[in-house]
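A.B. asks: Mind looking over this structure? Questions follow.
A short reminder: the numbers here are calculations on the coordinates, not readings from a lab. All values reported here derive from a predicted model rather than from experimental measurement. Ideal geometry is used to build each Cβ from the backbone, glycine not excepted, and the neighbour counts take in all protein chains shown.
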Amino acid sequence: MSRTLLIVKPDAVERNLIGYIVGRLERAGFKIVEMRMLTLDETKARSFYAVHEGKPFLNDLVKFMTSGPVVLMALEKENAVEDLRTLIGATDPAKAACGTIRQEIALNIEKNSVHASDSDDNATKEIAHFF
Ligand code: GDP
C-alpha cells in the first residue's frame, strides 16, 4: 500500500463537484485516509508550489488556489501515485485522455479541478505539508 495527496481545487468546489470526484476515487479503489476542507492562505499555497518558483504562471496559480475553499485528501491504494495520475489525466484538459477526471470536468490548464502528487517522495512531503 502507498499514499498520495489529492486536492480538489477551488474551481471544482465552486461547481459542486466534490461528490463526483470522491465517487471516482472510491470506485477506482482509493481509500480516503485523511480529508479536510479549508481555504489556503498565500504562504501555504506558495510553499506548496515552491517547485514552480520563477515560472510565469506561478502568481496566477497562487491567486487561483487561494480564491476559495479546497478539499485535501490523503489516499491509500497499491501503486497510489501512478494510478491517481492516470485517473486524473494530463495537466491540460485538452490533452487529457478520454474518461479521465480532468478531461471530464477541468476548465483549462490552470483551473484543472484536481492536484495529485507526482512521485512517492513528493506524496510523503505533500501529505506532511497538510496533515
Ligand atoms: P500537475 O502536476 O499536472 O498539476 O502540473 P504541474 O505540476 O506542471 O503544474 C501545477 C499546476 O500549475 C497545474 O495543475 C495547473 O493548475 C498550473 N499550471 C501548469 N501549467 C500551467 C500553464 O502553462 N499555465 C497556467 N496558467 N497554469 C499552469
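A.B. asks: So which GluC sites (Glu not before Pro) in segment 75-109 end up in coil per DSSP with only 14 or fewer other C-beta atoms within 10 Å?
C.D. replies: Answer in residue order: 78.
A.B. asks: Between residue 70 and residues 5 or more places away or on another chain, which pairs have amide H atoms under 5 Å apart, with H built 1.01 Å from N, and which residues are they?
C.D. replies: Counting only residues 5 or more places away or on other chains, the set is 38, 39, 40.
A.B. asks: I need the phi-derived Karplus couplings for segment 65-74: 6.51 cos²θ - 1.76 cosθ + 1.60, θ = phi - 60°, integer Hz, Gly and Pro marked x.
C.D. replies: 5, 9, 7, x, x, 10, 10, 9, 9, 9
A.B. asks: If you don't mind, another one. Which links in 55/111; 55/77; 63/95 stretch past 27 Å when you go from one Cα to the other?
C.D. replies: 55/77, as the Cα separations exceed 27 Å there.
A.B. asks: For residue 117, what residues show an amide H to amide H distance below 5 Å, using hydrogens built from the backbone and excluding near sequence neighbours?
C.D. replies: For residue 117, the qualifying residues are 5.
A.B. asks: Taking every Cα atom in the chain, find the radius of gyration and the maximum pairwise distance Dmax, and write them in Å.
C.D. replies: So, for the chain, Rg and Dmax equal 13.5, 38 Å respectively.
A.B. asks: Which whole-Hz ³J(HN,Hα) couplings does segment 14-26 yield from phi under the Karplus relation 6.51 cos²θ - 1.76 cosθ + 1.60, θ = phi - 60°, glycine and proline marked x?
C.D. replies: Those phi angles translate into 4, 9, 6, 10, 4, x, 4, 5, 4, x, 4, 5, 5 Hz.
A.B. asks: May I ask for the net charge around residue 94, where only other residues with Cβ less than 15 Å from the Cβ of residue 94 are counted and Lys, Arg are +1 while Asp, Glu are -1?
C.D. replies: So the surrounding residues net to 0.
A.B. asks: How much net charge surrounds residue 42 when only the other residues with a Cβ under 15 Å from the Cβ of residue 42 are counted, with Lys and Arg +1 and Asp and Glu -1?
C.D. replies: Working: positive: 44, 46, 63; negative: 41, 53, 60.
Net charge around residue 42: 0.
A.B. asks: Out of all Cα-Cα pairs in segment 1-73, roughly what percent, to the nearest whole number, are more than 17 Å apart? Don't skip to the end; give the middle numbers.
C.D. replies: On the way: 1270 of 2628 pairs.
So the portion of pairs separated by more than 17 Å is 48 percent.
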